[in-house]
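Here the structure is laid out as structure tokens; the discussion comes afterwards.
Each reported figure results from applying straightforward, stated rules to the coordinates on display, with no laboratory input. These numbers come from a predicted model, not from an experiment. Note that each Cβ is placed from the backbone with ideal geometry, even for glycine, and that neighbours are counted across all protein chains shown.
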There are 4 protein chains.
Amino acid sequence: MRLPRPGPGIGQKLTVRQELACALRILARVGWRENLSGHVTVASHDGGMFCNPWGIWWEEVRASDILHLDADGEIITGRWDVTPAVFLHTELHRARADAAVVVHNHPYYATLLASMHERPQMVHQNSCIFDDEIAFVDEYGGIEDVNDGTWLATQIGNASGILLAHHGAIVTAPTIPEACYKATTFERMCRLTYDTLAAGRKPEEIPADARAALKPLLRQNTPQAYWDGAIRMLLRDEPEVLT
Amino acid sequence: MRLPRPGPGIGQKLTVRQELACALRILARVGWRENLSGHVTVASHDGGMFCNPWGIWWEEVRASDILHLDADGEIITGRWDVTPAVFLHTELHRARADAAVVVHNHPYYATLLASMHERPQMVHQNSCIFDDEIAFVDEYGGIEDVNDGTWLATQIGNASGILLAHHGAIVTAPTIPEACYKATTFERMCRLTYDTLAAGRKPEEIPADARAALKPLLRQNTPQAYWDGAIRMLLRDEPEVLT
Amino acid sequence: MRLPRPGPGIGQKLTVRQELACALRILARVGWRENLSGHVTVASHDGGMFCNPWGIWWEEVRASDILHLDADGEIITGRWDVTPAVFLHTELHRARADAAVVVHNHPYYATLLASMHERPQMVHQNSCIFDDEIAFVDEYGGIEDVNDGTWLATQIGNASGILLAHHGAIVTAPTIPEACYKATTFERMCRLTYDTLAAGRKPEEIPADARAALKPLLRQNTPQAYWDGAIRMLLRDEPEVLT
Amino acid sequence: MRLPRPGPGIGQKLTVRQELACALRILARVGWRENLSGHVTVASHDGGMFCNPWGIWWEEVRASDILHLDADGEIITGRWDVTPAVFLHTELHRARADAAVVVHNHPYYATLLASMHERPQMVHQNSCIFDDEIAFVDEYGGIEDVNDGTWLATQIGNASGILLAHHGAIVTAPTIPEACYKATTFERMCRLTYDTLAAGRKPEEIPADARAALKPLLRQNTPQAYWDGAIRMLLRDEPEVLT
């Protein structure tokens, strides 16, 4: 399929802290959170990462609230504390260069499937961005130290869409736009799967060859265009996110 | 049934570009989209069509963003690119003079039924506007060229409410107001059908003769009145759509 | 149970036209409508009635849009036309002095149950305001003339919460506040019933003697307090409704 | 697990009346109410309690509307009347020093489960804040006097998350922030339980030892952080709540 030319963009260059603050609010707008739970990390060039602070809701975070952490999750700069579950992120970043962005929270339908011990099924074309990259981590009792984080990273392997039983979801991507697009798509995939099961039907996945063909197409231009439009609309309504 | 006199109207004459931009935002407001996906085309008097640009969300589009395309989907005027899937539209316009407006996206309940391989059922009187005009296209792997578009138009035949398996929906109509009204009604028909199935019941359709009698009544005045009110409320909140 | 003293009220006296315009917007806010469908009539002292005009959405109507009709549904004063289905109202007002307010539309869960041929069940205490006043009208093909309206009024009998198969709902009450409160409660009763059925359970109604005891209590003070608060919040946001 | 440092707080000291008015609006925002139903009481140092007035919706209440009651539910100060069902609160406060805050209303999923005679199940980690503290009160016909209140308190025992058959829910906590957090979590637990049942599955609870380990962790810092963020966002939009 022909690659479309980029759209209007956002008319300015954002810092990583600004992009992360925007991502948190965009994901909150699509319901990708349970109250104040959840954290998103973005790998930084120094081997560390940026992270939202503990104790601030995703929909109210500003760029100046974002923390800079080292590779072990220790705070380098930032006014607020970091989540004690930061090892969920540090060890996944250490293990996976492609997972530059790690999103974790408890969106409703992902959480529902996770509590039912059901895997999301690729019944819709857009879900195929997760082809061969879905994992279900069955035993999960909290990530309290480095060892827990290492164990979790091993369970996750190469997956980018992960359900944690009785807990929530993780989505990974190489960039912030792709992470936002994939997180939104993951929750919709979980809802489609749940609703199919609730109707007493077995979800019928798209055939494997079609899934494999769709995956690279879906990763090409759509995540950036998704992001640009979401940013434009967010900045129109809540420009203080950049401060 | 007596035909009611028109209501207050909208107090101004809109260009087709303005009407199309309004239609996209009205449909976004009723949830008729998945993120930035989807396109709506309106046949123009020169044999071409107007189309929303790739890379702009339906809820942020303005009249000046609308593209003018020729009959083959090539851009005549416009600042932005067109979707690579434009052949879904060009070949349907070529085949069907009545389908002056072609709406395509992935609204939730239509997408859910399409992924379950279920047809929407006319269990509610307003659904009868689609009487004898529903199609389910079972094999669908993307519309990447003219041949794909021609094949799809053949599968669609004379239908105006179409589900694309594992993908989404198409609604057609002779006018923009009717296309908006029918698209809204189609998604509601899909939701009613899904919820009936989810309760373990077989949807009981309205009898064929009643459906046939209701269809012309539903097409008479309601679409224009739906449109006028939706426009009045949209322009009150988002007047920039016309720019 | 002790009767509580009235709350703060609304601080002004509204005309019937103003009250009806407010009722339409309040019901639209709780989702009690399908697009621009539906009509609410309020009996007037001259034996006629007030009615919302055809072609204006419930959420945009103003007091000056309200029509005054005679007992046969002919327009006495008003800028816009009346629904051709006005006989649904005229003959019910003629038959039932207690039904001074008649609300009709297609709220989602009522419409869903009506399409499934299921009656709403009183599984929640507040539903008992409809005790012994629920009807399901099984054969319904549109109300196009006085004879249709008379037939429908006969089918309805003394009911105040009515489902019309494959169509929608009617709620009646002696006052506008009670009609709004009952309509809201009716839709919630339908949703509770549907969700119970969707879980594969038989709805378990509150016992008959408890229902009968609750009904007069629910009609006492709650409708007026519901109305006053709904009006206060509506006028804060949309004061133009009174114009 | 390490205890995180507190976040930014709310930058001012609120009175109990202000906190209670905020709590009512926060709970209304998350859908924890049926119309104008429901009441929240907060024990006061004089052995009495603060309570929202009868006849004002939760989303419109202000600090100056809050009533001060004595231990028997009689009004000490306040412009409006108290609910006749106040004995639901007075006798629970009398019996339970830990239940300094008592929240009662009819949130949708709690009400649905209560009408289906189903207990909420702890299928998600956050639900474990209710471990060993869930009660289902099976026979319930209204709380009209002290005897009814005493009977109800006996049925509730040490529970902090209670379903009342065919009626609604009660949540108790020692502080206003914890009461808000627990109420939100209780409704989500009920929704997860219902959706699991609706899919024809038996809810699989987290094992007892894991539940017991999670419970104190969930009560530590999260309720205060939930509250602080919810207050910050509420005061940004609706500062008049404090007046």
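Below is a table of values for the structure above.
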{"read-out": "Ranked A:202, B:215, criterion: other C-beta atoms within 10 Å, fewest first", "value": "A:202, B:215"}
{"read-out": "Average partner coverage of D:166-176, which counts Cβ from other chains inside 10 Å", "value": "2"}
{"read-out": "Rg/Rg_ref, the stretch C:115-179, where Rg_ref = 2.2 N^0.38 Å and atoms are Cα", "value": "1.16"}
{"read-out": "Between the stretch B:135-171 and the stretch C:120-154, the alpha-carbon center distance in angstrom", "value": "41 Å"}
{"read-out": "Peptide C:197-209, shielding by other chains (average Cβ, 10 Å cutoff)", "value": "5"}
{"read-out": "Estimated inter-spin distance, residue A:79 and residue B:202, nm [label 7 Å along Cα→Cβ]", "value": "6.5 nm"}
{"read-out": "Violating pairs (Cα-Cα greater than 18 angstrom) within the set B:182/B:215; A:182/A:215; D:13/D:182", "value": "D:13/D:182"}
{"read-out": "Ranked packing of A:53-59, B:69-75, most packed first, by mean Cβ within 10 Å", "value": "A:53-59, B:69-75"}
{"read-out": "5 angstrom amide H check on residue D:100, placed H, neighbours 5+ away", "value": "D:173"}
{"read-out": "Least to most buried among C:1, B:189 (fewest other Cβ within 10 Å first)", "value": "C:1, B:189"}
{"read-out": "Square roots of five times the Cα gyration tensor eigenvalues for the stretch D:1-133, Å", "value": "25, 21, 16"}
{"read-out": "DSSP-defined antiparallel bridges as percent of all bridges, the protein assembly as shown, nearest 5", "value": "85 percent"}
{"read-out": "Measure of compaction for the stretch B:127-240 (Cα Rg per 2.2 N^0.38 Å)", "value": "1.22"}
{"read-out": "log10 of Debye I(q)/I(0), alpha-carbon scatterers only, for the stretch A:168-235 at 0.12, 0.13, 0.22 Å⁻¹", "value": "-0.42, -0.49, -1.05"}
{"read-out": "Over the stretch D:56-157 - Rg/Rh using Cα atoms and the Kirkwood inverse-distance radius", "value": "0.99"}
{"read-out": "Average other protein chain Cβ within 10 Å of Cβ, residues D:117-126", "value": "5"}
{"read-out": "For q = 0.04, 0.05, 0.07, 0.09 Å⁻¹, Debye-computed log10 I/I(0) when each Cα of the protein assembly as shown counts as one equal scatterer", "value": "-0.19, -0.30, -0.61, -1.06"}
{"read-out": "Most to least packed among A:178-184, B:230-236 [average Cβ atoms within 10 Å]", "value": "A:178-184, B:230-236"}
{"read-out": "Over 24 Å [Cα-Cα, chain B], rounded percent", "value": "44 percent"}
{"read-out": "Over the stretch D:1-68 - Rg/Rh using Cα atoms and the Kirkwood inverse-distance radius", "value": "1.06"}
{"read-out": "Fewest-first sequence of C:118, B:19 by Cβ atoms within 10 Å of each Cβ", "value": "C:118, B:19"}
{"read-out": "Candidate lysines for bridging to residue D:202, where Cα separation is under 18 Å - those fewer than 8 sequence places away on the same chain excluded", "value": "A:202, C:202"}
{"read-out": "Of the DSSP H helices in chain B, those whose Cα atoms cover at least 24 Å axially and whose Kyte score averages 0.5 or more", "value": "none"}
{"read-out": "Residues residue A:95 and residue D:95, FRET efficiency given R0 of 45 Å [Cβ-Cβ distance, rounded to 0.05]", "value": "0.25"}
{"read-out": "Two-site label geometry, residue B:2 and residue D:240: point separation in nm, points 7 Å out along Cα→Cβ", "value": "4.3 nm"}
